[in-house]
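FYI, it's all coordinate maths here, none of it is from the lab. Bear in mind that the values here come from a model prediction, so they are computed numbers and not experimental data. Here the Cβ positions follow ideal geometry from the backbone for every residue, glycine too, while neighbour counts run over all protein chains shown.
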Amino acid sequence: MLNIVIFGAPGSGKGTQSARIVEKYGLNHISTGDVLRAEIKNGTELGKTAKSYIDNGQLIPDALMIDILASVFDSFKDSKGVIFDGFPRTIAQAEALKEMLKARGQEVSVMLDLEVPEDELMTRLIKRGQESGRADDNEETIKKRLVVYHSQTAPLIDWYKKDGKYCHIQGLGTMEGIFADICAAIDKL
Ligand code: AMP
């Protein structure tokens with residue numbers, strides 16, 4: 001199985017590139033952000049809890065996220081592989097993912113780090129907020145999410161380097177160009 005972690009700050013293009021990877025390689029896709037937004041839309045208890053964190057630009061507690069991830073992962077049958085989009089976001093989540101995959105005789109194949117400069121992230125997210133109306137894509141919440149990214153999520157870059165899974169992808173350029181770089185990295189696996 002091909003287990004790909006697509007990584008990067010909010011607005012780095014994880015969702016866009018995941019959709020293309022899914023199409024080309026026939027993988028299952030787990031976007032923890034999409035899972036949470038669906039729960040909010042359906043008015044579930046989980047959705048209510050998640051909303052207070054999301055609206056504040058904060059991360060949902062690790063234990064909750066890890067349970068959600070495992071249950072979505074286990075719902076896939078005869079999977080060729082999975083793309084993890086927006087998970088892990090903390091060291092504890094990365095460790096849990098490693099354990100969860102190990103318990104199922106698997107491992108992360110690669111972590112693709114989409115690197116995009118901060119001013120470009122801001123521009124993209126504000127535009128996305130105007131177009132999609134996503135509640136957390138407003139200037140104040142975006143700033144909080146970027147602070148959270150730098151303090152809690154970016155340390156995963158070194159964690160995956162140490163784990164021998166890290167692959168840098170230049171996230172600035174055309175969508176096609178970035179996708180070509182991603183495919184080159186996947187095809188080397
Ligand atoms: P995303 O769509 O990936 O940008 O996620 C939107 C929001 O959902 C984040 O700002 C967090 O509040 C929450 N979220 C998504 N994935 C995670 C995760 N792995 N851990 C904690 N919170 C998450």
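Data table
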quantity	calculated
Relative contact order (%) - region 1-93, alpha-carbon pairs under 8 angstrom, separation at least six	50
Stretch gain in nm, segment residue 76-residue 104, where the contour uses 0.36 nm per residue and the Cα spacing is subtracted	8.8 nm
Fewest-first ranking of 153, 141, using other Cβ atoms within 10 Å as the exposure measure	141, 153
Euclidean distance of C-alpha centroids, region 136-189 and region 46-61, integer Å	22
37, 134 arranged by Cβ crowding within 10 Å, fewest neighbours leading	134, 37
For the chain, built as a Gaussian network whose Cα springs stay under 10 Å, the top-fluctuating residue of 108, 148, 72	72
Contour excess over end-to-end distance, with Cα ends at residue 176 and residue 67 and 0.36 nm allotted per residue	35.8 nm
Scattering curve values for region 12-111, log₁₀ I(q)/I(0), Debye with Cα scatterers, q = 0.16 Å⁻¹	-0.73
Exposure proxy ranking, count of Cβ atoms within 10 Å, fewest first, for 182, 60	60, 182
Distance (nanometres) between label positions extended 7 Å along Cα→Cβ at residue 128 and residue 154	1.8
Percent of Cα pairs exceeding the 25 Å cut-off, where the set is region 80-189	31
Theoretical gain in end-to-end length, residue 118 to residue 163 [0.36 nm per residue, Cα-Cα removed]	13.6 nm
Global size of the chain as Cα Rg and Dmax, reported in angstrom	15.8, 43
